[in-house]
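Here the structure is laid out as structure tokens; the discussion comes afterwards.
The values are calculated or read from the model by the stated rules, or taken from the named source; none is laboratory data. What you are looking at is a predicted structure, and each value in this text was computed from that prediction instead of being measured. A quick note on method: Cβ atoms are made from the backbone with ideal geometry, for glycine too, and the neighbour counts reach across all protein chains shown.
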Amino acid sequence: MTSEDPAAKLRLLEKQASICVDCRLHEGRKTVVFGAGATDADLMFIGEGPGQHEDEQGLPFVGRSGQLLSTLLERVGLTRPEVYISNVVKCRPPGNRDPRPDEIDACKGYLIEQIKLIDPAVVVTLGNFSTKLLLKTQVGITRMRGQAYPWWGRHVVPTFHPAAALRNGERVVEEMVGDLQLAVQVIEQQPAPAPPEPSVPQQIELFS
Ligand code: URA
């Protein structure tokens, strides 16, 4: 294992994140929920932020939303160990409130580095927060979903957050399955060419 190994770099990044105090969310957290899954996954999911169960267990999407996410993955022939799952913010917002802009800003460097190291062909953004962050849009998820957007040498496929499907029922579940099928199709059609590594100034510009 050399320092060039993406998995080793990811572990180092996780270690750094585990002691992060860059925003107020560190004050209430039990655990930094960095991410989980295959560190060379073709498909990466990005949620919003850890909830109570995630904060306690140190793993993303282990509560009810996570159970639904596992079911959705099964519907398109995938399992959790085959994908990588993370969040926009790595620490639980108090009372599960929405993450605030300055918290997202403080945390986004970890996410960008994770995407670069895992190097997935497709990133599925779950809900408004991750979609708006990556695609730099104010357009809501209902209008954004259903399409694959070229993004820095790979694709972003936005879909609803599983919590929205838990609230709104079968129609939303089926739309999410359709979005995941699209993500799988994009991966299969496009044996991803090596994406250009964005330079540091470009990364900053990406989220400015
Ligand atoms: N909701 C999220 O957005 N992320 C989790 O990890 C769990 C629930």
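A few points about this structure:
- Test result for Met144, modelled with pLDDT of 95 or more and within 16 Å of the ligand (Cβ to nearest atom): no
- Residue ID - farthest from the ligand (Cβ to nearest atom), chosen from residues in the stretch 30-53 that are within 27 Å of His155 (Cα to Cα) and not in a loop (DSSP other than H, G, I, E, B): Leu43
- Within the stretch 142-155, the set of residues being assigned to a helix (DSSP H, G or I) and of a type in the set (A, V, I, L, M, F, W, C) comprises Met144 only.
- Residues satisfying the stated conditions in the stretch 58-70, i.e. of a type outside the set (S, T, N, Q) and not in a loop (DSSP other than H, G, I, E, B): Arg64, Gly66, Leu68, Leu69
- Filter result for Gly109 (modelled with pLDDT of 95 or more, in a loop (DSSP other than H, G, I, E, B) and surrounded by 13 or more Cβ atoms within 10 Å (Cβ to Cβ)): no
- Taking the stretch 71-104 as the range and being in contact (Cβ under 8 Å) with a residue 40 or more places away in the chain and in a helix (DSSP H, G or I) as the test, the residues that pass are Leu72, Leu73, Arg75, Arg80, Pro81, Glu82, Pro94, Asn96, Asp102, Glu103.
- Here the stretch 112-141 is the region considered, the condition is being assigned to a helix (DSSP H, G or I) and more than 16 Å from the ligand (Cβ to nearest atom), and the residue that is nearest to Pro81 (Cα to Cα) is Ile118.
- Hits in the stretch 24-51 - residues which are surrounded by fewer than 18 Cβ atoms within 10 Å (Cβ to Cβ), farther than 16 Å from Ile115 by Cα and under 18 Å from the mean Cα position of the chain (by Cα): Thr31
- Checked against (1) among the hydrophobic types (A, V, I, L, M, F, W, C); (2) surrounded by 16 or more Cβ atoms within 10 Å (Cβ to Cβ); (3) not in a strand (DSSP E or B), Val21 passes all but condition (2).
- Residues within the stretch 58-94 that are more than 13 Å from the ligand (Cβ to nearest atom) and closer than 17 Å to Phe129 by Cα, tallied: 1
- Pairs are defined by a Cβ separation below 6 Å, a sequence spacing of at least 6 or placement on different chains, a first member in the stretch 173-195 that is farther than 14 Å from Gly127 by Cα, and a second member that is surrounded by fewer than 18 Cβ atoms within 10 Å (Cβ to Cβ) and modelled with pLDDT under 95; no pair meets this definition.
- Against the numbered list (1) closer than 21 Å to Tyr110 by Cα; (2) of a type outside the set (Lys, Arg); (3) in contact with a helix residue (DSSP H, G or I) (Cβ under 9 Å, 6 or more places away or on another chain), Gln57 comes up short only at (3).
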